[in-house]
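Written out below as structure tokens is the structure these notes cover.
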Amino acid sequence: MGYVDTSGTRVRNGPDRAAQTVIERRLHEAKVRGDVEGYIRILAGTHLYHLASKDHFRTHPGRVGYATPRDPAPHRGRRTLYVRTQGDLPGRPRDPDEVQHRVRFGQLVERDSHQEDLVIEVNPGSVSGMRFPFRDRSRFERMPWDRALWEQIADEVPPPSHGDDLLLTDRSGPLRGELAHGLACGAHLAVHRRVIWNRFGDIDTGYLNDRETLERDWGVTSTSGGREQLRALLAHRNSPAAPEIALKCRNALSEREGGGDVDPERWREFAQEVADRNELPPGLRKLIEDTVERVPVYEQRFRADGLLPPGGFVRTLAGYDYGRAVNFARWVVSARYFEPEDLVGTASTVGSLVQAAYESWEDFSAGYTLGRVLRFDDGRFGHWYESALIPHRLLVQDPESPWRTIPFR
């Protein structure tokens with residue numbers, strides 16, 4: 001099943017059993033050359049997913065189960081465990097009771113690698129798929145478990161973590177047109193979280209994890225709650241108001257003085273004039289003053305790191321809410337509060353909003369990053385900064401990045 005993009009292009013959502021992303025391609029290449037250890041090492045260094053019923057995950061949270069009705073028939077007389085990489089997860093239509101859960105490679109080793117009757121199927125039915133224990137086709141014999149090797153690899157290869165950013169593109173997903181453009185506006189977080197930027201099915205941290213995150217960080221426990229938060233993001237009402245007011249003051253002063261950046265002291269004085277004229281409360285005045293002090297420091301670093309060109313400055317922070325709106329909708333889809341069609345509509349709306357607010361992908365990225373660090377970084381240039389800067393560099397430099405292949409306008 002697929003969707004028709006507004007450009008008229010029919011979009012498939014879900015794997016067609018080919019190697020969808022760079023991860024599946026690497027697995028396929030290792031399989032073809034007979035590099036079993038290399039194949040296992042790739043598995044250990046990537047996110048793996050397991051499908052099971054909602055009841056299973058509610059009853060046994062974090063526990064990997066065995067075959068589900070969607071899976072191929074289990075091997076006779078042997079317990080069969082199916083795991084998939086992101087690009088091999090099923091898309092639409094979704095089974096209403098079957099959900100995904102992210103698992104670590106180490107969980108496979110810890111739980112079941114000692115069982116003589118166990119079969120692990122990776123990406124069953126795909127060209128990247130492999131079965132363990134596996135059959136050596138050249139000798140037509142089944143090779144036994146090398147438990148020591150699996151345990152060694154689990155110890156040597158850490159699972160993906162913060163800082164292991166990766167650009168993942170589904171070759172069968174939307175790559176051109178309005179929908180692809182909108183999904184690309186959420187690419188900062190997709191790259192940082194190592195999820196496919198142009199997939200809109202069940203692909204984030206898993207059904208239970210995404211539900212817990214939404215409740216903890218967003219207060220969302222229902223479809224209506226998700227829609228309320230999404231409306232706030234699309235209206236740029238989720239982020240604090242003071243930084244945007246401060247930037248609007250600078251924009252007005254810049255326009256009045258012929259364009260370009262303005263002297264910080266002149267900006268501070270003008271912001272005070274605006275606050276006096278509008279009788280803003282003391283708390284809001286203080287936040288605006290703090291923004292005027294902090295922004296030039298960040299922008300100086302942005303120019304040094306290539307986020308802004310020489311003399312460039314940020315005109316609006318709306319991109320931070322817009323970029324998160326795409327990912328928020330993705331999480332709510334994964335948590336089963338939204339359907340994939342909701343993400344399609346959100347992405348198309350975000351694309352239009354971003355085009356109206358910014359001049360280029362780079363301009364949008366600087367606005368997104370400044371909104372992020374003003375809210376969370378507190379001048380440290382730490383994780384909240386690096387987790388936007390590294391994706392920015394990947395997205396502007398990688399020739400296969402959507403920011404290189406999809407025109408901003």
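Taking 0.36 nm per intervening residue step and subtracting the Cα-Cα distance, what contour gain separates Arg227 from Phe408 on full extension?
Contour length minus the Cα-Cα distance gives 62.5 nm.
Note down the nm distance, to one decimal, between modelled labels 7 Å out along Cα→Cβ at Ser352 and at His383.
3.7 nm
How much length, in nm to one decimal, is gained on full extension between Arg131 and Glu265, taken as 0.36 nm per residue of separation minus their Cα-Cα distance?
Stretched fully, the Arg131-Glu265 segment lengthens by 41.6 nm.
Treating only the Cβ of Lys, Arg, Asp and Glu as charged (+1, +1, -1, -1), what charge dipole size does region 236-328 show about its Cα centre? Round to the nearest 20 debye.
Using Cβ point charges on Lys, Arg, Asp and Glu, region 236-328 gives about 300 debye.
State which stretch of the chain is the longest one without any exposed GluC sites (Glu not before Pro), exposure meaning a DSSP loop state and at most 10 other Cβ atoms within 10 Å.
In the chain, the maximal stretch lacking such sites is 117-278.
If each residue of separation counts as 0.36 nm, what is the full-extension length gain between Arg256 and Glu273 once their alpha-carbon separation is subtracted?
Additional length available on full extension: 4.7 nm.
Highest GNM mean-square fluctuation, the chain, Cα pairs closer than 10 Å: which of Pro158, Pro296, Pro310?
Maximum fluctuation in the GNM of the chain, among the listed residues, is at Pro310.
If I fit a long axis through the Cα atoms of helix 147-156 and take the longest principal axis of the Cα atoms of the chain, what angle between them do I get, 0 to 90°, rounded to 10?
The two axes meet at around 10 degrees.
Report the charge-dipole magnitude of region 128-283 in Debye, nearest 20, computed about the Cα centre from +1 at each Lys and Arg Cβ and -1 at each Asp and Glu Cβ.
Computed charge dipole of region 128-283: roughly 860 debye.
With every protein chain left in place, what is the accessible area per residue of the chain in square angstrom, probe 1.4 Å?
Ligands and nucleic acids excluded, the figure is 44 Å² per residue.
Tell me the accessible surface of Arg33 in square angstrom (1.4 angstrom probe, heavy atoms of protein chains only), to the nearest ten.
Counting only protein heavy atoms, Arg33 exposes about 150 Å² to solvent.
For the chain, with the dipole built from +1 on Lys and Arg beta-carbon atoms and -1 on Asp and Glu ones, taken about the Cα centre, which of His162, Val99, Ser360 lies farthest toward the positive end?
Farthest towards the positive pole: Val99.
Restricting to bridges with both residues inside the chain, how much of the DSSP beta-bridge set is antiparallel, in percent to the nearest 5?
Approximately 75 percent, going by the DSSP bridge assignments.
What FRET efficiency do you get for Arg147 and Leu284 if R0 is 51 Å and r is their Cβ-Cβ distance, rounded to the nearest 0.05?
0.25
Out of the trypsin sites (Lys or Arg not before Pro) in region 340-383, which ones are loop residues according to DSSP with at most 14 other C-beta atoms within 10 Å?
When the trypsin sites (Lys or Arg not before Pro) of region 340-383 are filtered for loop state and at most 14 Cβ neighbours within 10 Å, Arg380 remain.
Not counting ligands, DNA or RNA, and with a 1.4 Å probe, what is His236's accessible surface area in Å² rounded to the nearest 10?
Counting only protein heavy atoms, the figure is 40 Å².
How large, in percent, is the carbon and sulfur part of the accessible surface of the chain at a probe radius of 1.4 Å?
Answer for the chain is 50 percent, counting heavy atoms of protein chains only.
Suppose R0 equals 30 Å. What FRET efficiency, 1/(1 + (r/R0)^6) with r the Cβ-Cβ distance, do Arg58 and Ile390 give to the nearest 0.05?
According to the calculation, E is roughly 0.25.
Cα axis of helix 361-376 to longest principal axis of the chain: angle in degrees, 0 to 90, nearest 10?
Compared with the principal axis, the helix lies near 90 degrees.
What do you get for the angle between helix 264-277 and the principal long axis of the chain? Use alpha-carbon atoms, 0 to 90 degrees, nearest ten.
The helix 264-277 is inclined about 80 degrees to the chain.
Label Phe376 and His162 with points 7 Å out from Cα along Cα→Cβ: what is the distance between them in nm?
The answer from the label model is 0.8 nm.
Tell me, what is the percent relative contact order of the chain, built from C-alpha pairs under 8 Å that lie six or more residues apart?
17 percent
The values are calculated or read from the model by the stated rules, or taken from the named source; none is laboratory data. It should be emphasised that the depicted structure is a prediction, and the values quoted were computed from it without experimental measurement. Here Cβ is always computed from backbone atoms with ideal geometry, including for glycine, and neighbour counts include all displayed protein chains. To get the accessible areas, we keep the full protein, side chains included, count just its heavy atoms, and leave off ligands, DNA and RNA. Shrake-Rupley method; radii C 1.70, N 1.55, O 1.52, S 1.80 Å.
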